[in-house]
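Novice: Please read through the structure below; I'll follow up with questions.
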Amino acid sequence: MSSAAENVRVIDHPVIQTKLTELRDYTSDHRKFRALLNEIASLMVYEVTREWPTTARPVQTPMERTTGRVLARRVTLVPILRAGLGMSDGVLHLLPDARMGHLGVFRDEKTLEPVSYYKKFPPDIASTEVLLIDPMLATGGSASAAIQVLKQSGVGSMRFICLVAAPEGIEAVHRQHPEVPIFCAAIDRELNEKGYILPGLGDAGDRLFGT
Ligand code: PRP
Ligand code: URA
């Protein structure tokens, strides 16, 4: 993957777009926001995992013995706290065997620089497929910092899943981590002077948790 465009996959399925539009709506309260966020995350998993390798596994059906296929590698889901938590249940719904790591990162409201404050990963995370999740990719500072932490922990294979991405954030992540694929449901127009995505959906963490 050599350009930002090649590194990004917009999953523009009609059902996802319908739910994303409801999510953007400022009248959606935290209960609806939470449900929609998980539903969209679930729907995105199909496309995000499409190229994962599988391995043969014998299975005895009620009729005869045959060979099925299962995911070749274990999966670790890593939400970026807080808002990434809002997508976790949706992803786990389809990948119930996944383990979870947690990464606490918030961005300083004045400088917009990421501040890391928490990290807890499964001990064997380096040998697993990692899905890093956060609904918002704005300046790209938080995602880039999170990817850096995962790399320092030995992770070689990861994908970043977000809902709404700003061109600035895609560019920033691509510049620092060109090999990490980004999956999103929409690429929005731009950031405003406070680093919020336009048209965006506002502050994802606040809307999710009602803060
Ligand atoms: C939001 C969002 C991302 C980050 C994106 O988190 O969930 O983590 O901002 O912005 P960036 O691309 O410019 O870094 P926030 O910092 O509001 O923390 P919170 O989820 O704890 O509220
Ligand atoms: N974080 C959010 O939650 N929303 C934005 O628009 C930008 C960063």
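Only the coordinates and a few stated rules stand behind these numbers; no lab work does. Computed from a predicted structure; not experimentally measured. Positions of Cβ are backbone-derived with ideal geometry, glycine not excepted, and every protein chain shown enters the neighbour counts.
Novice: Relative contact order for the chain using alpha-carbon pairs under 8 Å, separation at least 6, rounded to a whole percent?
Specialist: Reported as a whole number, the value is 23 percent.
Novice: Only Lys, Arg, Asp and Glu count, each charged at its Cβ (+1, +1, -1, -1), so figure out the dipole size of the chain about its Cα centre, rounded to 20 debye.
Specialist: Value, rounded to 20: 660 debye.
Novice: Can you tell me the orientation of helix 85-94 relative to the chain, as the angle in degrees between its alpha-carbon axis and the longest Cα principal axis, to the nearest 10?
Specialist: For 85-94 against the chain, the angle is about 20 degrees.
Novice: Per residue and in cubic angstrom, what volume does the convex hull of the Cα atoms of the range 139-211 have?
Specialist: In the range 139-211, the Cα hull volume divided by residue count equals 100 Å³.
Novice: Ranked from highest to lowest mean number of other Cβ atoms within 10 Å per residue, what is the order of the peptides 81-88, 111-118, 60-67?
Specialist: 81-88, 111-118, 60-67
Novice: How big, on average over all directions, is the shadow cast by the Cα convex hull of the range 172-211, in nm²?
Specialist: It is 4.0 nm².
Novice: Now a separate question. Counting DSSP beta bridges in the chain, what percent are antiparallel, to the nearest 5?
Specialist: 40
Novice: Another one. Which one, 139, 101, 35, projects farthest toward the positive side of the charge dipole computed for the chain from Cβ point charges (K/R +1, D/E -1)?
Specialist: 101
Novice: Follow-up. Per the Kirkwood formula on distinct C-alpha pairs, the Rh of the chain is how many angstrom?
Specialist: This gives a value of 17.6 Å.
Novice: Please list the equivalent ellipsoid semi-axes of the range 105-166, computed as the square roots of five times the alpha-carbon gyration tensor eigenvalues, in descending order and whole angstrom.
Specialist: 22, 14, 8
Novice: For residue 83, what is the net charge nearby, where nearby means another residue's Cβ is under 10 Å from its Cβ and Lys, Arg count +1, Asp, Glu -1?
Specialist: -1
Novice: Might you report the magnitude of the Cβ-based charge dipole of the range 1-70 about its Cα centre, with Lys and Arg at +1 and Asp and Glu at -1, to the nearest 20 debye?
Specialist: 260
Novice: Could you work out the helix-only [θ] at 222 nm for the chain, with each DSSP H run of four or more residues adding -39,500 (n - 2.57) and the total divided by the number of residues, to the nearest 500 deg cm²/dmol?
Specialist: -10000 deg cm²/dmol
Novice: Right, something else. Kirkwood-based Rg over Rh for the range 1-126 (C-alpha set), two decimals?
Specialist: My calculation puts Rg/Rh at 1.05.
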